[in-house]
Structures are given as structure tokens and as C-alpha cells.
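Engineer: Dumping the structure here so I can ask a few things about it.
The values are calculated or read from the model by the stated rules, or taken from the named source; none is laboratory data. It should be emphasised that the depicted structure is a prediction, and the values quoted were computed from it without experimental measurement. Note: ideal-geometry Cβ built from the backbone for every residue, glycine included; neighbour counts use all protein chains shown.
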Amino acid sequence: MPQPSTVPCQYRTGKTLGSGTYAIVKEAVHIKTGEYYACKVINKKLMEGREYMVRNEIAVLKRVSKGHTNIVTLHDYFETAHNLYLVFDLCTGGELFDRICAKGNYYEADAAELVRTIMKAVKYVHDCGIVHRDLKPENLIFRTKREDADIMIADFGLSRVMEEEKMQLLTEICGTPGYMAPEIFKKTGHGKPVDVWAMGVITYFLLCGYTPFDRDTQQQEMEAIIAGDYKFEPEEYWANVSETAKDFVRECLTIDPTSRPTAEEALNHKWLADAEPHFVQDQQGNMTNLLPQIQKAFDAKKTFRKAVFSMMAMKRMSTLVSAKHLSPEAQALGVDVARYKEESEKEIINEDHDVLHYPSGDSDNAGTPPVSPHGRPAPLESAMAQMSVDTNKS
């Protein structure tokens, strides 16, 4: 397999589309084909000592890319002297809940169809030996603005490859608190069941417009999750939701991960598996439109608060557990994040830039890490060092 090589850049970057914990996302166009993509830009200074995070994300994406309609694909990746670039599908259809609120009507059957589609993708991810660990509405986006556009699971930055034969369990605290399973906070070890828990939270959210463990403080939210303390209240928001849907949520929000259904078992629940949809009839005997109550619940205050919470995930973790539970690396992670992300955003690449390009080829090679002359995968940090040498030469 060919080694990475320094070549003219094949892409031209454009406007910034969004920002995450340690990266920004920019629009990029492939210069020869004119195809548009989303480009995740990661400042290499921010990743010093944490190169394993990028290696892990690429390893995960290599397993799942191009294998499922509802999962974003990693098409390419390369480096400049300052940044790493991961090239993904450009999904322009908007986030899940924004799309729902823009509709004229929204029924329980629509929610079930969404959950069924996403859960099938989760099952595929799990069958690939991956746990996502950050499933939430913000990471569920539509491919295009078309009415029949595919919904996509995005952002595998916190995902991990699970070694089933070793019965590996993960113990670090990560994710977005409102969607995190009890075992993550307890640090008793976690795996694929955390994604099913998150799907329970997402389903609850899709049926009423707010999350089950929403509390006034982060500490109260964590305590509610650990205790499984939630209710289908206020009654006005749940009167038009079937008992079958509520039972599905209860199953997914089982505190004991060993008793929680797998993604496959969740798909066999009556709410998702039955041919006839479950719903509460309105006065005319038709499906009740859930949209008015959902829009009422999803007010500006909660929208703002949840957006802020998501952007400050790493900072929040320090308020949920004592500092002694966090590694020095985790404690130091946020020190210069804003400055490094600002540096990344300023870099505009085009065909005049030389980049270190990792051959991707077809789906079998997409996201394949660079290979050393001895045939072993080359450490990403070594490739980064080589890029610096090449840049200095030029």
C-alpha cells in the first residue's frame, strides 16, 4: 500500500459550518469534481499528546464508512503543517429537531419511523464492533433538504472500537450529560448499552420536546440519571402518546445495562416492529398531531441552555465528578481550545497548498492509516512530524 505523499491540495475550503469540542467544520469543494463536502479541521497543536484520538476516530470511521445509508462517510483525510482535515459527506438538510419543528404536522408514527431508522443504524454500528457514545439530536442530521432525505448519524469523535473477545469495558466519562447512561457516571464500565440508553432519551425527546432528566443544575441532572428518576409529565404533553411508546422508552431507560435491550432487541419491540402504527386518536378518530405540544415545550430558554451545555461538555464534566477522577490530560484539554480553533478557522486551503495526503481509494481503503516502509501502520504523530519536515524544506 502506498505511503502518504506531499501533493497539491485537492480541495478548497469555504465558510465555517460549525464548531465542536476540539475541532471546527468547514465547507470544502473538491477542485476537480466540484463536489461539496464537510471538512473537520483539527489543530495539530491541540492534539499533541492526544494523537490517539484522531487515530481512533479514523479507525472507527474506516469500519462504518460507506456501509450504511444512515451513517456519514469519511471520504478522505490529509494534513497541512498546522491542521488535520477529515473529509465527510456534506449534509445540508439540517438537524433532526429543527426539521420536525419546520413541519406542519408530526405524528407518533413519524417519531417511530425516525427511531426505527436510527436504531437500525445503531445496530449496524454495534455489529461493526463500535460504540458511538454521543448519540443526541444534534448528531442526527439530514443529508439534504428533500422531504424524503436520509437521516444520518454523525460525529464519531467519542466512538470506540470494542474488543468483544476481551470483554472490554470503557471507564472514562464522556458524552453529553443529558444523554449519558448511569454506568458512565458510576464509572463501573460501559459499552454498547449506553447507545440504547441514549436512544431512549432521544425517543422521549421526540415525543414531547424535552429530555427526561432535565434539571436546574448539572448535579441534579446526574443524580436523576443515576437513579433513573423521570416521569411522563406534565400530563398535557403525554396524553396523546401511546402506552406502547412509553413502554419502549422504559425499556431503553433500564438502569442496569445488562438488562437493557440490545439495539436488535429494541427493534423487535412492538412500537417499532408492529406493521400497524401505535397512536392516540384525536376527536375525529385520526392520529393526534404532536407538533403543537412539542413546539410549546421546545422554547427558546431550553434551546439556548441545551446548546450551551453541548458546547461546554468537557467543562461540565469537571463539575460532575471530582478532579481526582479526571486525568491530567483531561484537566488540561480546555486550556487553549478557543485559541487553537480560531487558528484552524483562519487557514484557507486550495490547490496552491501542498498537503500530506493519505491515499483513500475505494471504500475498502477509505480512512486507511498511513503505512510505514515495513508494512506496519505508521503512527499519526510520525506522519505529523514528517509533514513539518516537508514544510520546512519547502
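Engineer: So residue 264 clears everything in (1) over 21 Å from the mean Cα position of the chain (by Cα); (2) touching a residue at least 12 places away in the same chain (Cβ under 8 Å); (3) surrounded by fewer than 20 Cβ atoms within 10 Å (Cβ to Cβ) except one condition, right? Which one?
Structural biologist: In the conditions (1) over 21 Å from the mean Cα position of the chain (by Cα); (2) touching a residue at least 12 places away in the same chain (Cβ under 8 Å); (3) surrounded by fewer than 20 Cβ atoms within 10 Å (Cβ to Cβ), residue 264 misses (1) alone.
Engineer: Being of a type outside the set (Phe, Trp, Tyr), modelled with pLDDT under 85 and either in contact with a Gly (Cβ under 6 Å, 6 or more places away or on another chain) or not assigned by TED's automatic domain parsing to the domain that holds residue 134 (or both) narrows it down to one residue among 299, 364; which is it?
Structural biologist: Result of the check over 299, 364: 364.
Engineer: Separate question: Report yes if residue 243 is more than 21 Å from residue 130 (Cα to Cα) and in the same structural domain as residue 283 (by TED's automatic domain parsing), otherwise no.
Structural biologist: It is true that residue 243 is more than 21 Å from residue 130 (Cα to Cα) and in the same structural domain as residue 283 (by TED's automatic domain parsing).
Residue-wise test of (1) within 28 Å of the chain's Cα centre (by Cα); (2) farther than 24 Å from residue 102 by Cα; (3) part of a helix (DSSP H, G or I).
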residue	(1), (2), (3)
245	yes, no, yes
250	yes, yes, yes
271	yes, yes, yes
276	no, yes, no
289	no, no, no
295	yes, no, yes
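Engineer: Of (1) within 30 Å of residue 10 (Cα to Cα); (2) touching a Ser or Thr at 6+ places or on another chain (Cβ under 7 Å); (3) in a helix (DSSP H, G or I), residue 93 satisfies all except one. Which?
Structural biologist: Among (1) within 30 Å of residue 10 (Cα to Cα); (2) touching a Ser or Thr at 6+ places or on another chain (Cβ under 7 Å); (3) in a helix (DSSP H, G or I), the lone unmet condition for residue 93 is (3).
Engineer: Further question on the same structure: Is it the case that some residue within the stretch 179-187 is surrounded by fewer than 22 Cβ atoms within 10 Å (Cβ to Cβ), under 18 Å from residue 261 (Cα atoms) and touching a residue at least 40 places away in the same chain (Cβ under 8 Å)?
Structural biologist: yes
Engineer: Output the number of residues of the stretch 32-53 satisfying the condition of being within 16 Å of residue 78 (Cβ to Cβ) and touching a residue at least 24 places away in the same chain (Cβ under 8 Å).
Structural biologist: 10
Engineer: For the stretch 57-76, indicate whether the set of residues that are over 17 Å from the mean Cα position of the chain (by Cα) and within 20 Å of residue 174 (Cβ to Cβ) is non-empty.
Structural biologist: no
Engineer: Right, next: Out of all the residues in the stretch 278-294, which are surrounded by 14 or more Cβ atoms within 10 Å (Cβ to Cβ) and either at pLDDT below 50 or closer than 19 Å to residue 205 by Cβ (or both)?
Structural biologist: 278, 279, 280, 288, 289, 290, 291, 293, 294
Engineer: Can you tell me which residues in the stretch 77-103 are farther than 21 Å from residue 150 by Cβ, of a type outside the set (Ser, Thr, Tyr) and out of contact with any Asp or Glu (no Cβ under 8 Å at 6 or more places or on another chain)?
Structural biologist: Those that are farther than 21 Å from residue 150 by Cβ, of a type outside the set (Ser, Thr, Tyr) and out of contact with any Asp or Glu (no Cβ under 8 Å at 6 or more places or on another chain): 78, 79, 81, 84.
Engineer: Then there is this: Identify, please: which residue in the stretch 83-124 is among the charged types (D, E, K, R) and over 24 Å from residue 194 (Cβ atoms) and is, among those, surrounded by the most Cβ atoms within 10 Å (Cβ to Cβ)?
Structural biologist: 108
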